[in-house]
């Protein structure tokens with residue numbers, strides 16, 4: 001691994017532009033302060049992200065929402081959300097970015113600081129519930145996910161265990177017995193069972209999912225639409241934000257991505273991809289993953305696995321939302337988000353678990 005500078009800085013999440021300026025002084029000392037323009041991105045619900053544009057060489061107003069830019073003239077500074085270190089192994093995240101950059105799948109990492117990191121700008125636009133369905137886009141996503149799933153981190157043994165059960169256990173232990181805000185506590189108590197019942201329910205679900213024998217591969221594990229950058233000019237997609245990347249069940253990563261077709265701000269599960277769409281997507285994925293033309297039975301098997309693991313995705317992120325509801329300072333209704341995902345898990349559970357395929 002190339003040694004990445006570790007800056008002895010803490011960025012105030014309420015004043016990220018000032019903090020980004022301090023980061024730039026170290027990693028871009030030749031940039032003139034009066035020629036740097038900052039743009040605060042607002043579509044994240046976990047971290048805060050600011051784009052730093054050196055206008056000495058780049059006069060255009062470019063960002064992830066419009067057009068292209070010279071990557072050498074842009075630095076992205078991401079500030080971790082409050083207490084997210086409880087959820088995420090930041091050292092492992094740094095290693096993941098470097099590993100995937102070596103494969104050409106992730107941006108360059110410029111530096112880390114106490115509560116965040118600075119990395120390369122990737123030109124393009126983030127996906128939307130509409131663009132993720134465009135054939136020119138989803139084919140690229142399916143192929144890139146297949147390529148990432150073949151990444152080898154050089155580790156063996158316990159490092160190759162699927163992360164799902166341990167991550168769920170970690171999240172469940174972080175749910176407070178009593179939420180510090182009484183109003184939040186009352187809302188959550190009306191929606192969710194207690195942690196003992198949640199654990200029992202997940203263990204039962206996971207016991208069923210394990211029997212599907214979904215392969216363990218290197219997964220992104222959080223491929224929401226905002227974590228996919230599409231560059232039309234280069235006909236390329238890039239995945240970003242590898243906070244949760246780890247070895248996991250292949251079908252979880254794909255199922256998790258399909259659940260994200262519903263969107264974040266206005267979640268609509270009518271957007272969950274149909275069987276016909278999934279079969280097309282999965283065939284492209286499997287052809288790339290296996291390096292040969294897939295059979296109908298291969299596609300059908302993966303379809304069943306993916307939809308059943310989508311249940312685990314809903315379950316995991318609903319628990320994650322409860323932790324964020326306690327700790328996050330970002331203006332977002334995490335309880336509503338968690339409730340929406342948990343109710344979708346309950347609504348689809350019987351339907352998805354009844355799916356079968358012929359061996």
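Laboratory data are not the source of any read-out in this text; all were calculated from the coordinates shown. Bear in mind that the values here come from a model prediction, so they are computed numbers and not experimental data. Quick reminder, even Gly has a Cβ in these numbers, built from the backbone with ideal geometry, and neighbours come from all protein chains shown.
Quick notes
- Per residue, the convex hull spanned by the alpha carbons of the stretch 202-258 comes to 99 Å³.
- Principal-axis analysis of the Cα atoms of the chain puts helix 135-148 at an angle of about 90° to the longest axis.
- C-alpha long axis of helix 90-102 to longest principal axis of the chain, angle in °: 80
- For the stretch 98-178, the relative contact order is 19 percent, taking Cα pairs closer than 8 Å that sit 6 or more residues apart in sequence and dividing their mean separation by the residue count.
- Between residue 56 and residue 231, the modelled labels are 2.3 nm apart [label points 7 Å from Cα along Cα→Cβ].
- In the chain, the longest principal axis of the Cα atoms and the axis of helix 296-327 are about 60 degrees apart.
- Here the gap between residue 130 and residue 275, fully extended at 0.36 nm per residue and compared with their Cα-Cα distance, gives a gain of 50.5 nm.
- Ranking of 14, 220 by neighbouring Cβ atoms within 10 Å, starting from the fewest: 14, 220.
- Taking a quarter of the surface of the Cα convex hull of the stretch 229-359 gives a mean projected area of 9.9 nm².
- Restricting the calculation to alpha carbons of the chain gives Rg and Dmax of 20.5, 65 angstrom.
- Remark: 185, 149 ranked as 185, 149, counting other beta-carbon atoms within 10 Å and listing the fewest first.
- Residues 323, 97, 229 arranged by fewest to most Cβ contacts within 10 Å: 229, 323, 97
- Pairs of Cα atoms nearer than 8 Å and 6+ residues apart set the relative contact order; for the chain it is 17 percent.
- Stretching the chain fully between residue 267 and residue 89 yields a gain of 61.3 nm (0.36 nm per residue, less the alpha carbon separation).
- Residue 293/residue 354 FRET efficiency (R0 25 Å; Cβ-Cβ; nearest 0.05): 0.30
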